[in-house]
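Where a number appears in this text, it was derived from the coordinates with a stated rule and is not lab data. What you are looking at is a predicted structure, and each value in this text was computed from that prediction instead of being measured. Cβ placement follows ideal geometry from the backbone for every residue including glycine, while neighbour counts extend to all protein chains displayed.
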Amino acid sequence: MLNKRLLIKNLLAHNDESSFYDKKRQLNLHTKEGKAKFVKHICALSNSNPTNNSYIVVGVEDGDNEITGTDFYDDSRIQNLVNAFLVHPPRIQYENVPFPHLGKDRVVGLVTISPSGHTSYFKKNVYTITAGAIFIRRGSNSIPVDGYDVTPNPANELAVGDIENGSRNSIEHTLEGVIDFINNRHKDMTARYKVFKELFIVCWAGHKKTVKGRTYFSRVDIELINEQVKLFYSALDEVSIDFNDDTFSITEYVALGLNDKTSYYPLEQVSIRFQENGNYKIESQLLFEPPQYNRKMMHHIYNAQLALISKLHKGTQLTEREQKELQNLPSTLMICHLNGFTYAKQKLADTKPLLKAFKDPAVYVSFKEAMRILRKMKYNRATN
């Protein structure tokens, strides 16, 4: 079993970016350009490593390898994004790996690319990349080629094998991880752990409350300690947790409403099923059914949001009431989009720089939360 924190350290210590790993300060999957660049690197790494894993590390400075971290990214459907653009797509796994010096809301992203054994190429146009394009790694660069048949790379097989073997977990790492999680990082919260199949240890912590006989947690942090992987983190949403001897399940709820957030809607259930053979499988099911409102009322609300955005663009001083409305703007535009206002989603995406620069950081947190929900819904439709 690989300790993913050790794996990242060993990748960074091995050498600079190579034909089997890449590093990024952050991913931008909100734009066509960002999606195209990400899938291009996936294509190139897969083609250049047909018999071994390859990796992308996210949250690292390019020049000096400083680990600055990135936002927790919980989109288990990133595989669907790759499948949508590539023929013979590799298998993708995105994991959030905590580091002690980073804040609770910051992690290092680890993308593991397991090759298909066939040449991957683009099935359709995206941004400046045309259908049929093939990419490979040449040193630290992903470059296009006219034609390519995948061939084993013994040097990469050996290098990656050595790195992975040097990143195996130990009892010491596991025990230290549990103690650190409960006694240090979450000593101010209700924290618990459970052992599955005499091998896997899941730790979770959050502020606990009981509503109508059911227990919920807010500000939740959940980690699979053996692999040093953060399974779930949210500063906003509330979750319920259920488990038995084989399965650990998380049901996430989002607070939504027009001009307030007083109603809770189930968003997604994620279940981790542990097996006797030392493997586990993560399954997710989108549960979200967006609220529907009167069309005439929504027109007034939508126009009010556009007026607020216009004030931001002009740099107009906002009143105290408008500043409060701005915190709800992302979720309100999301509701408008889900109620049939075609351009509301794009309006929200275009407003990102203004919301990120606003003096109240809660405004940008609200933006990221709305985009996360919309992304989940988009990839879920692609699956069905």
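When the dipole is taken about the Cα centre of the chain, and only Lys, Arg (+1) and Asp, Glu (-1) are charged at their Cβ, what size is it in debye, to the nearest 20?
Details: 50 positive and 43 negative charges, 313 e Å.
Charge dipole of the chain: 1500 debye, to the nearest 20.
For the chain, the alpha carbon convex hull comes to 161 Å³ per residue, rounded to a whole number. Rounded to the nearest whole Hz, the Karplus-based 3J(HN,Hα) values (6.51 cos²θ - 1.76 cosθ + 1.60, θ = phi - 60°) of the stretch 319-331 follow the sequence 6, 4, 5, 5, 5, 5, 4, 5, 5, 8, 4, x, 5, with x at glycine and proline. Remark on Gln228: its backbone amide H falls under 5 Å from those of Lys4, a criterion applied only to residues 5 or more positions apart or on other chains, H modelled at 1.01 Å from N. Phi angles across the stretch 364-376 convert, under the Karplus curve 6.51 cos²θ - 1.76 cosθ + 1.60 with θ = phi - 60°, into 3J(HN,Hα) values of 6, 4, 5, 4, 4, 5, 5, 5, 5, 5, 5, 5, 4 Hz, Gly and Pro given as x.
Rounded to the nearest 5, what is the percent of antiparallel bridges among the DSSP beta bridges in the chain?
Details: 71 of 75 bridges.
Around 95 percent antiparallel, to the nearest 5.
Normalised by the number of residues in the chain, the average gap of Cα pairs under 8 Å and 6 or more apart makes the relative contact order 13 percent.
Tell me, rounded to the nearest percent, the portion of alpha carbon pairs in the stretch 171-286 spaced more than 18 Å apart.
Counting pairs separated by more than 18 Å, the tail of P(r) holds 53 percent.
Of the residues Ile42, Ile163, Phe85, the one whose Cα sits farthest towards the positive end of the charge dipole of the chain is Phe85 (charges of +1 on Lys and Arg Cβ, -1 on Asp and Glu Cβ, taken about the Cα centre). Across the stretch 353-361, rounded Karplus estimates of 3J(HN,Hα) from the backbone phi angles (6.51 cos²θ - 1.76 cosθ + 1.60, θ = phi - 60°) give x, 5, 5, 5, 7, 5, 5, 8, x Hz, Gly and Pro being marked x.
Treat every Asp and Glu Cβ in the stretch 243-384 as -1 and every Lys and Arg Cβ as +1, leave all other atoms uncharged, and give the resulting dipole magnitude about the Cα centre to the nearest 20 debye.
Details: 20 positive and 14 negative charges, 168 e Å.
Its charge dipole is roughly 800 debye.
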